[in-house]
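Worksheet: the structure to be examined is printed underneath.
The values are calculated or read from the model by the stated rules, or taken from the named source; none is laboratory data. Keep in mind the model is a prediction, meaning the values are calculated, not measured. Here the Cβ positions follow ideal geometry from the backbone for every residue, glycine too, while neighbour counts run over all protein chains shown.
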Amino acid sequence: MNINKMDHICIAVKNLDEARKKWEPLLGKSEPDDPYEDELEKIRVARYWIGEVGFELMESTTPDGDVARFIEKNGEGIMLISFNVDSTRDSIKELQEKGYPFIPDKGGEVARPFREGEFAFIHPKKLNGVLTEIIDDRGRSASRGK
């Protein structure tokens, strides 16, 4: 498996609008570079580009969403780190052969769609309690305006 680079870091927040007021002055931004909502993952996101790495503030859109459950258990803070790979599906296969467990979606699928690519979550029990994502987001250049 080839990790190309750190893709993004996600911060779980209770209130996205309030979190933006705290983070944007620090980041030197007046608005997100790539705001989006993902209905399947039940999240609303403000993504900022810091060089080539995304910095995301994520709010749950439902009380039963993964972000809401994370905050209930751990409080607000870093929820996951993400690595960009050439192929999510190939990386899943290689990592499963090495004993890495993945978190399937509610339908049992490990690879999940995102824009023009896919992502998957490696279970945090394998990586020192850190939820880790691999992603081959080929639509990333388009989302950055390149």
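Of the residues making up the stretch 12-49, those that are within 24 Å of Lys73 (Cβ to Cβ) and of a type in the set (Asp, Glu) are Asp17, Glu18, Glu37, Asp38, Glu39, Glu41. Of all residues in the stretch 105-126, those satisfying the criterion of being part of a loop (DSSP other than H, G, I, E, B), of a type outside the set (Lys, Arg) and surrounded by 13 or more Cβ atoms within 10 Å (Cβ to Cβ) are Asp105, Val110, Ala111, Glu116.
Output the residues belonging to the stretch 53-88 that are loosely packed, with under 14 Cβ neighbours inside 10 Å and either part of a helix (DSSP H, G or I) or among the small types (Gly, Ala, Ser) (or both). Within the stretch 53-88, Arg69, Glu72, Lys73, Asn74, Gly75, Gly77 meet the criteria.
Going by what's in this entry, would Glu37 be described as under 15 Å from the mean Cα position of the chain (by Cα) and either touching a residue at least 60 places away in the same chain (Cβ under 8 Å) or surrounded by 11 or more Cβ atoms within 10 Å (Cβ to Cβ) (or both)? Considered against the rule, which asks whether it is under 15 Å from the mean Cα position of the chain (by Cα) and either touching a residue at least 60 places away in the same chain (Cβ under 8 Å) or surrounded by 11 or more Cβ atoms within 10 Å (Cβ to Cβ) (or both), Glu37 comes out as yes. For Gly54, the conditions (1) among the small types (Gly, Ala, Ser); (2) touching a residue at least 60 places away in the same chain (Cβ under 8 Å); (3) closer than 16 Å to Asp137 by Cβ are fulfilled apart from (2).
When the test is whether a residue is over 15 Å from the mean Cα position of the chain (by Cα), within 17 Å of Asn4 (Cα to Cα) and buried (at least 19 other Cβ atoms within 10 Å of the Cβ), Ile92 passes it. Scan the stretch 42-50 and tell me whether some residue there is without any contact (Cβ under 8 Å) to a residue 40 or more places away in the chain, in contact with a Lys or Arg (Cβ under 9 Å, 6 or more places away or on another chain) and either surrounded by fewer than 16 Cβ atoms within 10 Å (Cβ to Cβ) or farther than 17 Å from Glu133 by Cα (or both). Checked the stretch 42-50: at least one residue is without any contact (Cβ under 8 Å) to a residue 40 or more places away in the chain, in contact with a Lys or Arg (Cβ under 9 Å, 6 or more places away or on another chain) and either surrounded by fewer than 16 Cβ atoms within 10 Å (Cβ to Cβ) or farther than 17 Å from Glu133 by Cα (or both). Any residue at all in the stretch 17-26 that is free of Cβ contacts under 8 Å to residues at least 24 places away in the same chain and either among the β-branched types (Val, Ile, Thr) or in contact with a Gly (Cβ under 7 Å, 6 or more places away or on another chain) (or both)? There is no residue in the stretch 17-26 that is free of Cβ contacts under 8 Å to residues at least 24 places away in the same chain and either among the β-branched types (Val, Ile, Thr) or in contact with a Gly (Cβ under 7 Å, 6 or more places away or on another chain) (or both). Tally time: how many residues in the stretch 26-49 are part of a loop (DSSP other than H, G, I, E, B) and of a type in the set (D, E, K, R)? Qualifying residue count, the stretch 26-49: 6. The residue pairs whose first member lies in the stretch 68-87 and is without any contact (Cβ under 8 Å) to a residue 60 or more places away in the chain and of a type in the set (A, V, I, L, M), whose second member is surrounded by fewer than 16 Cβ atoms within 10 Å (Cβ to Cβ) and not in a strand (DSSP E or B), and whose beta carbons are closer than 7 Å, counting only pairs six or more residues apart or on different chains, are Ala68/Thr62; Ile71/Lys14. Residues in the stretch 87-108 that are modelled with pLDDT of 95 or more and among the charged types (D, E, K, R): Arg89, Asp90, Lys93, Glu94, Glu97, Lys98.
Checked against the criterion of being touching a Pro at 6+ places or on another chain (Cβ under 8 Å) and within 16 Å of Phe121 (Cβ to Cβ), the stretch 41-51 contains one or more residues that satisfy it.
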